[in-house]
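I have placed the structure first, in the form of structure tokens, so that the comments after it can refer back to it.
The values are calculated or read from the model by the stated rules, or taken from the named source; none is laboratory data. If you're wondering where the values come from, they're calculated on a predicted model, not measured in any experiment. Glycine gets a Cβ as well: all are built from the backbone with ideal geometry, and neighbour counts include every protein chain shown.
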Amino acid sequence: MTSNITPTLQDAGHLTHPKYRADIDGLRAIAVLSVVGFHAFPYKIRGGFIGVDIFFVISGFLISTIIFGSLQRNSFSFVEFYSRRIKRIFPALLLVLIASFAIGWVVLLADEYKQLGKHIAGGAGFVSNFVLLNESGYFDNKAETKPLLHLWSLGIEEQFYIVWPLLLWFAWKLRFNFLTIAIVVGTISFAMNTEKVSSDTVAVFYSPQTRFWELLIGSVLAYITLYKQTTLAKFKHKLDRWLVVIAYANKSETSGEPLRNLQSWAGAVLIVMGVLIVTKEKPFPGYWALLPTVGAVLVISAGPKTWLNRAVLSNRVLVWFGLISFPLYLWHWPLLSFARILESETPTYVIRITAVLISIALAWLTYILIEKPFRFGNHSKVKTIMLIVLMVTIGCVGYSCYKRDGLAFRTVNNINASLGSGGDESDEEKFKELNKECEVINKEDRKLFGICRQDSRQIPKYALTGDSKAGVLWKGLFRQSSENGRWLVISNGKGVNATPINVLSGNEIYKPYQLLTNIAIEAISKTKSIETVVLVTATRNLFQLKNDYSIEDLPTSKNYEAALDGLNRTTSKLISAGKKIVIVVDNPTFPDPKDCLSRTTSSKSLNYILHLYQKEPNWRCQLDISRHIELTKKYRDLLIEVKSKNPDKIKIFDTTKHLCDLNLGVCLPYKNGHFLYGVTDHISNYAAGLIGRDLNDFLLRN
């Protein structure tokens, strides 16, 4: 008994291709519309990003069907295979890369354009996933401000297209079983995914070795569909008869339709469940990725004649979206991302809907005018060579933009404030000579810290320790110090290690921070040359606030007593070791500095559109001092209470006078033509210099 889902292999040059199935295009449509919906409305379609996983299964199924069939017929050609891949992928991708570069030229500032150049080079080289993985970290900018972020998935697919055909070709030469290879490699990949997803989610998300199993599920399905239909059909026939006996009173024979329909609906349910219950807060891919991948396998393997596949997935609307799914995937995210950059906040519903509609129109035009002419017709070799040359060229242009620091000569940089104004690298060469690797912590423990440096001139007199807020202050302190003010700094965690936060506590909420905090405080306590210890801890870490970049929830925090006890333990230990203590007051909290730019372009028409839709961003980047004091009262009360335990040994250093205008009564993100903040709510190098000069003088006086 044979199944009606066996793909009919058609000759296409040396390669064989499966017979076209409209329902697979419909499934593509579901995948791309899920992704677009998630990107446009992330709080409405929270699990829409699983559409990428559906794409992986479809891709693995179709590509493996081609390779298996061609190898079996002894007609596989690497040249033809990669030529077809190039003609399928390069035209639309080139257009989007060029368009992104052009838009960025007009609207992006130097640091933004520099990053875009790197992402264009990564996209052209199909290594975007590795580029993004290397960027990931605490100080990485928002995903929404990376117009080519979505190319990570294309990178993984292309890496699969390079590795998998080669592996299968060698397996074919050595007469190994394709199915065994697919299952073994897929199982290893899945095991790596589930093992590491909780400890290093970002690496698992972007790494090909932890993603290939999703494409290999499609490969396994392709092999079974081609070569194991008889064995599978017998099992399915028995199961189908059992279902018929249960469902019908006087019927025992069946064509297999009930089981196939059940299979199709089960797959659809799994996909819908994935969209509804999987969120970006869950460890993904992990086991959660089984919902969309297994769901896609069930839908595809059910065949084109089931009711769901025939009536729903094969309808003209979904098939149309399936046909333009690749260019739609490429276009939608840059448009939404550029809108986010220009708005300096999440764009309004009107703007997001408009961006989606424009991306659909561009996708259709790209499919008709660019994609189809390159994929089909004559002059195949000429087209392939031309596309390769163009891709190498745009990759080189992007890399050049990155190496030339975002082409700062562009007009947009001259008519907007630059985030680079927050830097202060005038004494960078001198600064490099001022510090060396710290000696107060053993070599193995030093590997746990992101920063462990000390003054290279003489033994340190002052120590700075704390989380990332200390990590952005230390250069200013070193740069502004004299030989009488020699520094040691221990800050930031490296890799998966949490950061030291100056809270010694057995409370569960501080557990991730205790290893590094204990090492840092212990090392400083035992260093006899240290006279004064400067403690810097972000308010959110001290009180364990849920909201990373806002203190709006500080007044309702219930962790006051835990924070007080932990900080008291730290100061008591240091005082017992004969140290004086200075606690630096945390800076005001602002949005990301990029969101505080009042962006203007060199294009009059674009400026008109911007001013038509764009809210003035600075309204969110001005904070009344009275409001700042009101929001941080609980934090300041805690510092005062800690100081009251030992007022002669503990001092408080307030940074407000450097970060706010006391005469105007407001805190602003810039001062004297310089940005005071660098990344998220962390002070810039310029602000670190202002505070560093004053804090060094303060320590010499006290």
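Regarding the stretch 657-676, can at least one residue be identified that is acidic (Asp, Glu), over 31 Å from the mean Cα position of the chain (by Cα) and either surrounded by 15 or more Cβ atoms within 10 Å (Cβ to Cβ) or closer than 26 Å to Asn568 by Cα (or both)? There is no residue in the stretch 657-676 that is acidic (Asp, Glu), over 31 Å from the mean Cα position of the chain (by Cα) and either surrounded by 15 or more Cβ atoms within 10 Å (Cβ to Cβ) or closer than 26 Å to Asn568 by Cα (or both). The residues on offer are Asp586, Asp624, and the sole one that is modelled with pLDDT of 85 or more and either more than 23 Å from Tyr513 (Cβ to Cβ) or of a type in the set (Val, Ile, Thr) (or both) is Asp624.
Figure legend. Inter-residue proximity from the stretch 152-173: first residues under 15 Å from Ile86 (Cβ atoms), second residues surrounded by fewer than 21 Cβ atoms within 10 Å (Cβ to Cβ) and of a type in the set (Ser, Thr, Tyr), beta-carbon distance below 6 Å, spacing 6+ or different chains. Indicated pairs: Glu157/Ser59.
Among the conditions (1) surrounded by fewer than 24 Cβ atoms within 10 Å (Cβ to Cβ); (2) touching a Ser or Thr at 6+ places or on another chain (Cβ under 9 Å), Ser136 misses just one, which is (2). For residues that are touching a Ser or Thr at 6+ places or on another chain (Cβ under 7 Å) and assigned to a helix (DSSP H, G or I), scanning just the stretch 255-297, find the one that is surrounded by the fewest Cβ atoms within 10 Å (Cβ to Cβ). The qualifying residue surrounded by the fewest Cβ atoms within 10 Å (Cβ to Cβ) is Tyr287.
Quick grid of which residues meet (1) modelled with pLDDT under 70; (2) closer than 25 Å to Gly122 by Cα; (3) over 33 Å from the mean Cα position of the chain (by Cα):
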{"site": "Tyr399", "(1), (2), (3)": "no, yes, no"}
{"site": "Gly406", "(1), (2), (3)": "no, yes, no"}
{"site": "Phe409", "(1), (2), (3)": "no, yes, no"}
{"site": "Asn413", "(1), (2), (3)": "no, yes, no"}
{"site": "Ser421", "(1), (2), (3)": "yes, no, no"}
{"site": "Lys430", "(1), (2), (3)": "yes, no, yes"}
{"site": "Lys447", "(1), (2), (3)": "no, no, no"}
{"site": "Arg457", "(1), (2), (3)": "no, no, yes"}
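The numbered conditions (1) among the hydrophobic types (A, V, I, L, M, F, W, C); (2) touching a Lys or Arg at 6+ places or on another chain (Cβ under 7 Å); (3) buried (at least 17 other Cβ atoms within 10 Å of the Cβ); (4) modelled with pLDDT of 90 or more are all true for Val185 except (2).
Looking at the stretch 630-653, is at least one residue closer than 20 Å to Gly471 by Cα, assigned by TED's automatic domain parsing to the domain that holds Thr532 and modelled with pLDDT of 90 or more? Taking every residue of the stretch 630-653 in turn, at least one turns out to be closer than 20 Å to Gly471 by Cα, assigned by TED's automatic domain parsing to the domain that holds Thr532 and modelled with pLDDT of 90 or more. The set of residues in the stretch 549-570 being touching a residue at least 12 places away in the same chain (Cβ under 8 Å) and either touching a Lys or Arg at 6+ places or on another chain (Cβ under 7 Å) or not in a helix (DSSP H, G or I) (or both) consists of Tyr549, Ser550, Ile551, Glu552, Leu554, Pro555, Ser557, Asn559, Tyr560, Asn568.
Screening Phe81, Phe101 for residues that are assigned by TED's automatic domain parsing to the domain that holds Arg352, touching a helix residue (DSSP H, G or I) at 6+ places or on another chain (Cβ under 7 Å) and over 27 Å from Glu343 (Cα atoms) leaves exactly one candidate, Phe81. Residues of the stretch 357-378 that are of a type in the set (A, V, I, L, M) and either surrounded by fewer than 21 Cβ atoms within 10 Å (Cβ to Cβ) or over 21 Å from Ala29 (Cβ atoms) (or both): Leu357, Ile358, Ile360, Ala361, Leu365, Ile368, Leu369, Ile370. Report yes if Ser505 is at pLDDT 90 or above and either more than 23 Å from Asn702 (Cβ to Cβ) or under 30 Å from the mean Cα position of the chain (by Cα) (or both), otherwise no. Yes; evaluated as a whole, the condition is true for this residue.
If only one of Glu158, Glu144, Glu214 is outside any loop (DSSP other than H, G, I, E, B), assigned by TED's automatic domain parsing to the domain that holds Val52, acidic (Asp, Glu) and within 12 Å of the chain's Cα centre (by Cα), which one is it?
Selected residue: Glu144, the only one of Glu158, Glu144, Glu214 that is outside any loop (DSSP other than H, G, I, E, B), assigned by TED's automatic domain parsing to the domain that holds Val52, acidic (Asp, Glu) and within 12 Å of the chain's Cα centre (by Cα).
Total residues in the stretch 327-350 satisfying the condition of being free of Cβ contacts under 8 Å to residues at least 40 places away in the same chain and in contact with a Leu (Cβ under 7 Å, 6 or more places away or on another chain): the figure is 0.
For the stretch 305-350, filtered to residues that are surrounded by fewer than 24 Cβ atoms within 10 Å (Cβ to Cβ) and under 17 Å from Ser59 (Cα atoms), the residue that is farthest from the chain's Cα centre (by Cα) is Val319. Looking only at the stretch 163-179, residues that are over 15 Å from Gly60 (Cα atoms) and in a helix (DSSP H, G or I) come to 5 in all. Residues being in a strand (DSSP E or B), out of contact with any Gly (no Cβ under 6 Å at 6 or more places or on another chain) and in contact (Cβ under 8 Å) with a residue 60 or more places away in the chain are entirely absent from the stretch 637-649. Which residues, taken from the stretch 518-548, are surrounded by 22 or more Cβ atoms within 10 Å (Cβ to Cβ) and without any contact (Cβ under 8 Å) to a residue 24 or more places away in the chain? Residue satisfying the conditions is Arg540 alone. Being under 19 Å from Gly471 (Cβ atoms) and either at pLDDT below 95 or in the same structural domain as Phe653 (by TED's automatic domain parsing) (or both) holds for only one residue in Thr571, Thr539, Thr527, and it is Thr539. Among the residues making up the stretch 497-539, those that are outside any loop (DSSP other than H, G, I, E, B), among the β-branched types (Val, Ile, Thr) and farther than 19 Å from Pro460 by Cα are Ile509, Thr517, Thr539.
Out of everything in the stretch 64-123 that is in contact with a strand residue (DSSP E or B) (Cβ under 8 Å, 6 or more places away or on another chain) and assigned to a loop (DSSP other than H, G, I, E, B), what residue ends up being surrounded by the most Cβ atoms within 10 Å (Cβ to Cβ)? I'd like the intermediate steps shown before the answer.
Applying the first criterion (in contact with a strand residue (DSSP E or B) (Cβ under 8 Å, 6 or more places away or on another chain)) to the stretch 64-123 yields 65-66, 69-70, 73, 75-77, 80-81, 84.
This time we only want the ones that are assigned to a loop (DSSP other than H, G, I, E, B), so: 73, 75-77.
On the way: Arg73: 13, Ser75: 14, Phe76: 21, Ser77: 13.
It comes out as Phe76.
Does Gln514 qualify as being surrounded by fewer than 19 Cβ atoms within 10 Å (Cβ to Cβ) and more than 26 Å from Asn442 (Cα to Cα)? It is false that Gln514 is surrounded by fewer than 19 Cβ atoms within 10 Å (Cβ to Cβ) and more than 26 Å from Asn442 (Cα to Cα).
Could you tell me whether Ile67 is modelled with pLDDT under 95, among the aliphatic types (A, V, I, L, M), within 19 Å of Val356 (Cα to Cα) and assigned by TED's automatic domain parsing to the domain that holds Thr346? Working first, answer last.
On the way: modelled with pLDDT under 95: yes; among the aliphatic types (A, V, I, L, M): yes; within 19 Å of Val356 (Cα to Cα): no; assigned by TED's automatic domain parsing to the domain that holds Thr346: yes.
In short, no.
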